[in-house]
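The values are calculated or read from the model by the stated rules, or taken from the named source; none is laboratory data. Quick caveat: nothing in here was measured; it's all calculated off a predicted structure. Quick reminder, even Gly has a Cβ in these numbers, built from the backbone with ideal geometry, and neighbours come from all protein chains shown.
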Amino acid sequence: MIPALIVFAYLGVVLYIGIFAFRRAHAGEAEDFFLAGRSLGPAVFLLSLFGTHMTAFAILGSSGHAFSNGIVTYGLMASSSALIVPLGLFLVGTRIWALGKRFGFITPVQIFRDRWETSHVGTVIFVVQAALLVPYIIIGVKGGGATLSAVSGGLVPFWLGGAVVALVVMSYVFFGGMRGTAWVNTFQTVLFLLFGAVAIAVVARGVGGFPAGMEALLADPRTAPLLTRERVSALYFFSYTFIPLSSIAFPHIAIFCLTARHMRQFKRTVVLYPLCILLLWLPCVLLGVMAHRFASEPKIADKLEARAELVRGGASLAPEVRSDLQRRAQADDVMLLMLERHAPVWLVGLLGAGIMAAVMASDSQILALSTMFTEDVFAHYGGKERFGEAVQVATGRGFVVALTLLAYVIALNAPATIFDLAVQYAFSGYAALAPLIFAALFWKGSTKWGALAATLWVALSTTGVALFQALVPAPPPGPPVVVVSAFGLDLLTRTGGGTAVLGLLPVVPMVLVSCLLLWIVSALTPKPSAATISRYFS
């Protein structure tokens, strides 16, 4: 329990930061609670924005995926994100900040409503955005449960670990709002960036140095493909370049862009963002790959198998499946098992706290949904005028509680791994919504009906992927199973990690069709008034 107690102490520190932020807040002011008064300084803005983006997906999900697929995991997500995310912040984030400063916007939906002169279409966009953000929140709860369970050696069960994390996050978001969330994220980002450096040093020492470890993996025919792109096809690799488009479409990222004190703060963020990605993703991916050197040890293999049974809903694994399990990770806690093997007990606790720092970044998603609900539904339909700002803030806090409880209940029964859950639903859906923000800000000819068509397409396609994967079970480790084929082409295939369309991730057709619908429908429907166009493009 020593590592678990250290993690609990860390959770206490985080809770205190949130309560301290509550004492600094201006009671009853909506803009202060939801945007920290648009007053975040450069260091807090950079670190909290990065921490908001990099959740359990970046630490636990990347190491588990690297255990499955090898070093190519870094190329799939980190390389493309290091280019596309800063570019999105530069092109879109700065414009969102300027519009928010000029017109008082607090959420992206407010921009859509004003830009396209609509009300109910904005509500539809809110509903779809909210539904797509819930999987991201579930990731945080799952990661928290996995971390506390792993560092305690199973003494803290998964359900209790997830409940503790959900309760702590809910508490400091409830009290501290955006200011508390930003301060906590700044503290957490520093912690998990330091964690990456320490973890690399500790594990490297335990394996006799990373050069020796990599040479051993390369010499073994069973693990040599992990150091190549062999396990991921070229089309599948290309698909992942669409995933980072989701970054600027995420409501919590867009809302964070509104919290900066000055426009010049984006300059430092755009320059340093790729370096932060390198410092976080590279250690996680390397640790996931290096875990193969020890996956055959009984202690590690048994824990991987136990975790696999949990992911598979309690189904037992035959002994002959163990080797497949070692080649294809079914666990999000591979990194924690590596640290447990190589680090002393007290250091496991500190590193576990570092992992927990990234896991708990779901706080921003919870606050973003609360902000959107109170602004885009409660205030938009007259609640603020009738009951005042104090009731609006109280409504936002109540929504935080309800949303956290919902995410916790779903997380207990979510079978997918963190990486797959994020890529298939949260990232893919928001990447397909990205054309909306680009059209609103940079295309005079876009209309509310084009936005509605694209939004409904995203909702239908994401639901279709979910239903398809529910009806067609994931195949055992090995080649993908072709479900639908025509004219000699494999139209739909089912893989262990998800679904492929013509060999591509579903995000590719989702984004392309979204763009096409937005363009065609906008071309056929009436444009907003000239006055509105001039406000945005003068």
Subset of segment 424-459, residues in contact with a Lys or Arg (Cβ under 7 Å, 6 or more places away or on another chain), surrounded by fewer than 23 Cβ atoms within 10 Å (Cβ to Cβ) and not aliphatic (A, V, I, L, M), comes to Gly445
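Just checking, which of Thr52, Thr73 is under 21 Å from Leu351 (Cβ atoms) and in contact (Cβ under 8 Å) with a residue 60 or more places away in the chain? Steps first, answer last, please.
Working: Thr52 fails: under 21 Å from Leu351 (Cβ atoms).
Result of the check over Thr52, Thr73: Thr73.
This table checks each residue for (1) crowded, with 23+ Cβ neighbours inside 10 Å; (2) of a type in the set (Phe, Trp, Tyr); (3) touching a Leu at 6+ places or on another chain (Cβ under 8 Å).
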| site | (1), (2), (3) |
| --- | --- |
| Thr52 | yes, no, no |
| Ala78 | no, no, yes |
| Ala82 | no, no, yes |
| Phe103 | no, yes, no |
| Asp114 | no, no, no |
| His120 | no, no, no |
Residue pairs within 6 Å by beta carbon, gap of at least six or interchain, first lying in segment 251-269 and part of a helix (DSSP H, G or I), second among the charged types (D, E, K, R) and surrounded by fewer than 24 Cβ atoms within 10 Å (Cβ to Cβ), listed first then second, are none
Taking Leu60, is it crowded, with 24+ Cβ neighbours inside 10 Å, touching a Gly at 6+ places or on another chain (Cβ under 6 Å), part of a helix (DSSP H, G or I) and not β-branched (Val, Ile, Thr)? yes
Yes or no: Leu191 touching a Gly at 6+ places or on another chain (Cβ under 6 Å), in a helix (DSSP H, G or I), loosely packed, with under 15 Cβ neighbours inside 10 Å and not small (Gly, Ala, Ser)? no
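Is it the case that segment 326-335 has a residue that's touching a Ser or Thr at 6+ places or on another chain (Cβ under 6 Å), within 25 Å of Val72 (Cβ to Cβ), aliphatic (A, V, I, L, M) and modelled with pLDDT of 70 or more? First the steps, then the outcome.
Our first condition is that a residue be touching a Ser or Thr at 6+ places or on another chain (Cβ under 6 Å); within segment 326-335, this holds for 328-329, 332, 334-335.
If we keep only those that are within 25 Å of Val72 (Cβ to Cβ) too, we end up with 328-329, 332, 334-335.
Those left that are additionally aliphatic (A, V, I, L, M): 329, 334-335.
Restricting the remaining residues to those that are modelled with pLDDT of 70 or more gives 334-335.
Within segment 326-335 (the criterion being touching a Ser or Thr at 6+ places or on another chain (Cβ under 6 Å), within 25 Å of Val72 (Cβ to Cβ), aliphatic (A, V, I, L, M) and modelled with pLDDT of 70 or more), the answer is yes, since at least one residue qualifies.
Among the residues of segment 248-289, which ones are under 18 Å from Thr73 (Cα atoms) and of a type outside the set (A, V, I, L, M, F, W, C)?
Of all residues in segment 248-289, those under 18 Å from Thr73 (Cα atoms) come to 274-289.
Across segment 248-289, the qualifying residues are Pro274, Pro283, Gly288.
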Of the conditions (1) at pLDDT below 75; (2) under 20 Å from the mean Cα position of the chain (by Cα), Gly176 fails just one. Which one is it? (2)
Which residue, of Leu133, Leu148, is more than 15 Å from Leu60 (Cα to Cα), among the aliphatic types (A, V, I, L, M) and at pLDDT below 90? Leu133
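May I ask you to list the residues in segment 87-106 that are assigned to a helix (DSSP H, G or I) and of a type in the set (A, V, I, L, M, F, W, C)? Give the derivation first.
So in segment 87-106, the residues assigned to a helix (DSSP H, G or I) come out as 87-103.
Leu87, Leu89, Phe90, Leu91, Val92, Ile96, Trp97, Ala98, Leu99, Phe103, listed by residue number.
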Suppose we keep only residues that are farther than 17 Å from Leu367 by Cβ and of a type in the set (Phe, Trp, Tyr) within segment 130-168. Which one would you say is surrounded by the fewest Cβ atoms within 10 Å (Cβ to Cβ)? Trp159
Near pairs, Cβ below 6 angstrom, 6+ apart or cross-chain, from segment 224-246 (within 16 Å of Tyr74 (Cβ to Cβ) and part of a loop (DSSP other than H, G, I, E, B)) to any residue that is modelled with pLDDT of 85 or more and β-branched (Val, Ile, Thr): Arg229/Val72; Val232/Val72
For segment 1-33: of the residues being surrounded by 14 or more Cβ atoms within 10 Å (Cβ to Cβ) and charged (D, E, K, R), which is modelled with the lowest pLDDT? Glu29
